[in-house]
Amino acid sequence: MWHKYLSRVVVLFLAGLVGYGEWWLYDFGKLKGAEELKSMRTEHADLQRHYRDLNKENDGLRERNTILERSSQIDQQAARDIQEQLASLQEELQAAREEVEFYRGIIAPGDADSGLRIHRFELTPGLQSDEYHYDLVLTQMKQHDRIVTGLVEWRIIGKNGNETRELKLSDVSRPEAGHLDFRFRYFQHLTGTISLPRGFQAVEVVLTVRSTGKDAFEPVEQSFEWPVAGS
């Protein structure tokens, strides 16, 4: 009987010990889990802060890159603008130099004889087929004490098929004009447009400048090659 009592005590003790162990393990696990959860939350919070910091840094780098790109574009555009302005100024300077030389040649022509001169004659193709724009500049050398008047006659020499043909200004001008009139003291700029007949191939143009009046100058005649189409 005593033996049975002792066995029950031992069983109850062991059961209590097992229960206490399970409770201790449960409490320990709960405590350990809470510590790990706290650590994980702390680590998660740190990662979130680090992520936000990286986002801010990335946004800052993007903004800086955008600013640098725009600054580079502005610098490139500024450089192009300066180059264009420089090219324009060089063109204006060259034009001014040519204009100065032009006036110098009229006012102080050096050893040139007095009289009329063809300073420039240019022909440039127009928009229509066989259409040309002319640019003629006449000058009076040395004798600037009087106004000179006169006319310019044209002879356009070319071919129509195998036949050599000669045209006058009245054949190519619209409205029809037999010659160009001029009246100036120093120089005069004459411009206009002419149209060649269909099938006519011009080779050269001969200009004859004749002054009129009591003290007329000797006529001036000069030939110019006709510009090749597309040149």
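The values are calculated or read from the model by the stated rules, or taken from the named source; none is laboratory data. Everything quoted here is computed from the prediction, not taken from an experiment. Because the Cβ atoms are built from the backbone with ideal geometry, glycine has one as well, and the counts that use them run over all protein chains shown.
The residues of segment 96-119 that are of a type in the set (A, V, I, L, M), part of a helix (DSSP H, G or I) and either touching a strand residue (DSSP E or B) at 6+ places or on another chain (Cβ under 8 Å) or at pLDDT 70 or above (or both) amount to a single one, ILE106. On inspection, THR139 does not qualify as touching a residue at least 40 places away in the same chain (Cβ under 8 Å), surrounded by fewer than 12 Cβ atoms within 10 Å (Cβ to Cβ) and under 42 Å from the mean Cα position of the chain (by Cα). For segment 124-138, what are the residues that are part of a loop (DSSP other than H, G, I, E, B) and not hydrophobic (A, V, I, L, M, F, W, C)? Selection gives GLY126, GLN128, SER129, ASP130.
Keeping to segment 196-224, report how many residues are over 39 Å from the mean Cα position of the chain (by Cα), within 23 Å of PRO175 (Cα to Cα) and among the β-branched types (Val, Ile, Thr). So the answer is 3. The listed residues are GLU204, GLU163, GLU176, and the only one of them that is at pLDDT 95 or above and surrounded by fewer than 18 Cβ atoms within 10 Å (Cβ to Cβ) turns out to be GLU204. Against the numbered list (1) at pLDDT 95 or above; (2) surrounded by 14 or more Cβ atoms within 10 Å (Cβ to Cβ); (3) in contact with a Gly (Cβ under 8 Å, 6 or more places away or on another chain), ASP181 comes up short only at (2).
Residue-wise test of (1) hydroxyl-bearing (Ser, Thr, Tyr); (2) in contact with an Asp or Glu (Cβ under 7 Å, 6 or more places away or on another chain); (3) assigned to a strand (DSSP E or B); (4) at positive phi.
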position: SER170; (1), (2), (3), (4): yes, yes, no, no
position: GLY178; (1), (2), (3), (4): no, no, no, no
position: GLN201; (1), (2), (3), (4): no, no, yes, no
position: VAL206; (1), (2), (3), (4): no, yes, yes, no
position: VAL209; (1), (2), (3), (4): no, no, yes, no
position: GLN222; (1), (2), (3), (4): no, no, yes, no
